[in-house]
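The values are calculated or read from the model by the stated rules, or taken from the named source; none is laboratory data. Given the structure is predicted, the values throughout are model-derived calculations rather than measurements. Methodologically, a virtual Cβ is constructed for each residue, glycine included, from the backbone with ideal geometry; neighbour enumeration extends over all protein chains shown. When the accessible area is computed, the model is the full protein with side chains, heavy atoms only, and any ligands, DNA or RNA have been set aside. Shrake-Rupley method; radii C 1.70, N 1.55, O 1.52, S 1.80 Å.
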Amino acid sequence: QVQLVESGGGLVLPGGSLRLSCAASGNIVSIYTMAWYRQAPGKQRELVATVTGGGVTNYADSVTGRFTISRDNAKNTVALQMNSLKPEDTAVYYCKAGVLVFGMIGLTNYWGQGTQVTVSS
(Lines give C-alpha, C1' and ligand atoms only; values in the text may rest on other atoms or scores of the structure.)
Protein backbone atom coordinates (compact mmCIF):
# COMPACT_ATOMS: atom_id res chain seq x y z
CA GLN A 1 0.00 0.00 0.00
CA VAL A 2 2.91 2.36 0.68
CA GLN A 3 6.38 2.21 -0.82
CA LEU A 4 9.51 4.04 0.25
CA VAL A 5 12.30 4.29 -2.30
CA GLU A 6 15.74 5.59 -1.36
CA SER A 7 18.43 6.95 -3.64
CA GLY A 8 21.73 8.76 -3.45
CA GLY A 9 24.08 6.29 -1.84
CA GLY A 10 27.55 5.54 -3.13
CA LEU A 11 31.27 5.63 -2.49
CA VAL A 12 32.82 8.82 -1.14
CA LEU A 13 36.18 9.87 0.23
CA PRO A 14 36.56 10.73 3.91
CA GLY A 15 35.55 14.35 4.41
CA GLY A 16 33.22 14.24 1.43
CA SER A 17 29.47 14.70 1.17
CA LEU A 18 26.46 12.73 -0.01
CA ARG A 19 22.77 13.47 -0.13
CA LEU A 20 20.27 10.67 0.37
CA SER A 21 16.65 10.98 -0.72
CA CYS A 22 13.58 8.91 0.07
CA ALA A 23 10.22 9.19 -1.66
CA ALA A 24 7.00 7.74 -0.31
CA SER A 25 4.11 6.76 -2.55
CA GLY A 26 0.84 4.86 -2.28
CA ASN A 27 -2.45 5.27 -0.46
CA ILE A 28 -1.17 7.97 1.85
CA VAL A 29 -3.42 10.18 3.94
CA SER A 30 -0.56 11.81 5.80
CA ILE A 31 2.96 11.09 6.98
CA TYR A 32 4.03 11.77 10.52
CA THR A 33 7.58 11.29 11.71
CA MET A 34 10.14 10.39 9.06
CA ALA A 35 13.55 9.07 9.93
CA TRP A 36 16.85 7.74 8.69
CA TYR A 37 18.47 4.69 10.22
CA ARG A 38 21.69 2.91 9.34
CA GLN A 39 23.14 -0.53 9.81
CA ALA A 40 26.83 -1.29 9.55
CA PRO A 41 28.10 -4.84 9.02
CA GLY A 42 27.89 -6.85 12.20
CA LYS A 43 26.06 -4.11 14.08
CA GLN A 44 22.47 -3.37 15.02
CA ARG A 45 20.42 -0.87 13.08
CA GLU A 46 20.68 2.55 14.71
CA LEU A 47 18.70 5.75 14.50
CA VAL A 48 20.49 8.56 12.66
CA ALA A 49 17.95 11.39 12.50
CA THR A 50 14.24 12.12 12.71
CA VAL A 51 11.97 14.91 11.51
CA THR A 52 8.36 15.42 12.55
CA GLY A 53 5.57 16.62 10.31
CA GLY A 54 6.09 20.06 11.79
CA GLY A 55 9.79 20.06 10.98
CA VAL A 56 11.24 19.36 14.41
CA THR A 57 14.51 17.45 14.01
CA ASN A 58 16.60 15.21 16.22
CA TYR A 59 20.00 13.64 15.60
CA ALA A 60 22.23 10.92 16.97
CA ASP A 61 25.21 12.37 18.79
CA SER A 62 27.56 10.78 16.28
CA VAL A 63 26.17 12.82 13.37
CA THR A 64 25.16 16.08 15.03
CA GLY A 65 26.67 19.01 13.22
CA ARG A 66 27.51 16.94 10.14
CA PHE A 67 24.16 15.58 8.92
CA THR A 68 20.96 17.48 8.18
CA ILE A 69 17.54 15.89 7.75
CA SER A 70 14.80 17.69 5.86
CA ARG A 71 11.43 16.87 4.34
CA ASP A 72 9.04 18.13 1.72
CA ASN A 73 5.52 17.41 2.92
CA ALA A 74 3.96 18.26 -0.44
CA LYS A 75 6.10 15.66 -2.20
CA ASN A 76 6.21 13.08 0.61
CA THR A 77 9.98 13.04 0.57
CA VAL A 78 12.73 13.12 3.16
CA ALA A 79 16.40 13.83 2.58
CA LEU A 80 19.61 13.40 4.53
CA GLN A 81 22.49 15.72 3.70
CA MET A 82 25.69 14.14 4.98
CA ASN A 83 28.83 16.26 5.21
CA SER A 84 32.30 15.62 6.63
CA LEU A 85 31.78 11.91 6.18
CA LYS A 86 33.93 9.48 8.12
CA PRO A 87 34.75 5.82 7.50
CA GLU A 88 32.59 4.93 10.50
CA ASP A 89 29.58 6.34 8.65
CA THR A 90 29.81 3.39 6.26
CA ALA A 91 26.53 1.49 6.42
CA VAL A 92 23.31 0.70 4.65
CA TYR A 93 20.98 3.64 5.20
CA TYR A 94 17.23 3.12 5.52
CA CYS A 95 14.40 5.61 5.60
CA LYS A 96 11.32 5.01 7.73
CA ALA A 97 7.96 6.75 7.79
CA GLY A 98 4.96 6.63 10.08
CA VAL A 99 2.04 6.74 7.67
CA LEU A 100 -1.69 7.11 7.98
CA VAL A 101 -3.02 4.96 5.13
CA PHE A 102 -6.42 5.21 3.47
CA GLY A 103 -8.73 2.56 4.88
CA MET A 104 -6.49 1.73 7.85
CA ILE A 105 -6.78 2.78 11.47
CA GLY A 106 -3.72 4.21 13.16
CA LEU A 107 -0.20 4.74 11.93
CA THR A 108 1.80 2.09 10.12
CA ASN A 109 5.59 2.16 9.90
CA TYR A 110 7.11 1.58 6.49
CA TRP A 111 10.76 1.06 5.56
CA GLY A 112 12.71 1.62 2.43
CA GLN A 113 14.93 -1.04 0.89
CA GLY A 114 18.16 0.64 1.95
CA THR A 115 20.99 2.34 0.12
CA GLN A 116 24.69 1.64 0.64
CA VAL A 117 26.99 4.42 1.77
CA THR A 118 30.70 3.64 1.78
CA VAL A 119 33.26 6.13 3.06
CA SER A 120 36.75 5.03 2.12
CA SER A 121 39.97 6.27 0.62
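Condition check for Val5 on (1) open to solvent by 60 Å² or more (accessible area, probe 1.4 Å); (2) over 17 Å from Val117 (Cα atoms); (3) in contact (Cβ under 8 Å) with a residue 12 or more places away in the chain: one failure, at (2).
Just name the residue that is most open to solvent (accessible area, probe 1.4 Å) out of those in the stretch 102-121 that are farther than 22 Å from Phe67 by Cβ and in contact with a strand residue (DSSP E or B) (Cβ under 6 Å, 6 or more places away or on another chain). Working first, answer last.
The initial filter retains those residues of the stretch 102-121 that are farther than 22 Å from Phe67 by Cβ, namely 102-108.
Add one more test, that the residue is in contact with a strand residue (DSSP E or B) (Cβ under 6 Å, 6 or more places away or on another chain), and what stays is 102, 107-108.
On the way: Phe102: 132, Leu107: 101, Thr108: 35 Å².
Once the filter is applied, the top-ranked residue is Phe102.
Output the residues belonging to the stretch 31-48 that are surrounded by fewer than 15 Cβ atoms within 10 Å (Cβ to Cβ) and under 15 Å from the mean Cα position of the chain (by Cα). Across the stretch 31-48, the qualifying residues are Tyr32, Gln39, Ala40, Glu46, Leu47. Candidates are the residues of the stretch 20-30 that are farther than 26 Å from Gly10 by Cβ and part of a strand (DSSP E or B); the one that is most open to solvent (accessible area, probe 1.4 Å) is Val29. Quick one: in the stretch 9-19, of everything that is open to solvent by less than 50 Å² (accessible area, probe 1.4 Å) and part of a loop (DSSP other than H, G, I, E, B), which residue is modelled with the lowest pLDDT? Taking the candidates together, the pick is Gly9.
One residue stands out among those in the stretch 31-59 that are free of Cβ contacts under 8 Å to residues at least 40 places away in the same chain and part of a strand (DSSP E or B): the one that is nearest to Gln81 (Cα to Cα), which is Ala49.
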